[in-house]
1. Return yes or no: is LYS49 charged (D, E, K, R) and out of contact with any helix residue (DSSP H, G or I) (no Cβ under 9 Å at 6 or more places or on another chain)?
2. Within segment 47-54, is even one residue touching a Lys or Arg at 6+ places or on another chain (Cβ under 9 Å) and within 22 Å of ARG163 (Cα to Cα)?
3. Quick one: which helices (runs of 4 or more DSSP H) lie wholly within segment 31-95 and hold at least 3 residues that are within 23 Å of the chain's Cα centre (by Cα)?
4. What are the residues in segment 150-162 that are surrounded by fewer than 17 Cβ atoms within 10 Å (Cβ to Cβ) and free of Cβ contacts under 8 Å to residues at least 60 places away in the same chain, if any?
5. State which residue pairs qualify: first residue within 16 Å of PHE111 (Cβ to Cβ) and inside segment 46-67, second residue polar (S, T, N, Q) in any location, beta carbons under 7 Å apart, and separation of 6 or more residues or different chains.
6. If you take the residues of segment 163-193 that are in contact with a Cys (Cβ under 7 Å, 6 or more places away or on another chain) and touching a residue at least 40 places away in the same chain (Cβ under 8 Å), which of them is surrounded by the fewest Cβ atoms within 10 Å (Cβ to Cβ)?
7. Can you confirm whether segment 131-151 contains a residue that is outside any helix (DSSP H, G or I) and within 16 Å of LEU85 (Cβ to Cβ)?
8. Please enumerate the residues belonging to segment 96-106 that are part of a helix (DSSP H, G or I) and touching a residue at least 60 places away in the same chain (Cβ under 8 Å).
Amino acid sequence: MANPGNDTRERLINTAARLLWEQSYQGTSVDVLCSRTDIRKGSFYHFFKSKTELAIAAIENSWGRTEQTVFAPIFGSTDGGMAQLQQLIDKVDEIQSSILQNRGIYPGCPFGSLGQEMANKDEAIRASALKIFQYHCDYIEAALRKAEANGEIPPGDARQRSRNIFALFEGALLIAKVARNPALFRHVAASVRSVAAA
């Protein structure tokens, strides 16, 4: 039998994940979260001590879904490292473009947006976002090591290269978000091979 409490908690997490991504931390109040999930404010604090605690649960849950549906399938394939990175670009572009078409917004990276907003305001959120950044870099680094082993790129510091590529992706998403133009993400991300070889 399903536990109603678990269902309510999951609805709060899923609602927070979407609002934090599409709006912002500051623009997502506890009152709005309760209204969107149809619960009383007292119930909110039964599940989470604070909005910060919910935000961390939300982005960690978002990363878990993203890892399962995007990163694990792409980077778990037998394709070459550079092909995997291109598949990541294509998948991110597909997701962002679909949201723009269906909801009229280009949300950018949920982890980068929240991390940038809260880095100097909330240490717990900053640390959680940084941890997720590192998970991204772990996958990218593995692809770069594969690419290097296959002779696709020259030898180099794979960890630093992974950070460079992650920064390229985050910057490309930010530019595309502000311009509300998916083509800008594709154009900037297209330089991934040169960054990988630098």
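Bear in mind that the values in this text are calculations on the coordinates, not laboratory data. This one's a predicted model, so the numbers in the text were calculated from it and none came from an experiment. All Cβ positions, even for glycine, are placed from backbone atoms using ideal geometry, and neighbour counts span all protein chains on display.
1. Spelling it out, LYS49 is indeed charged (D, E, K, R) and out of contact with any helix residue (DSSP H, G or I) (no Cβ under 9 Å at 6 or more places or on another chain).
2. No, the conditions are met nowhere in segment 47-54.
3. 51-66, 72-75
4. Scanning segment 150-162 gives GLY151, PRO154, PRO155, GLY156, ASP157, ARG159, GLN160.
5. Final answer for the pair search is ILE56/SER128; ILE59/SER128; GLU60/SER128.
6. Checking each candidate, the answer is GLU170.
7. yes
8. Scanning segment 96-106 gives GLN96, SER97, LEU100, ARG103.
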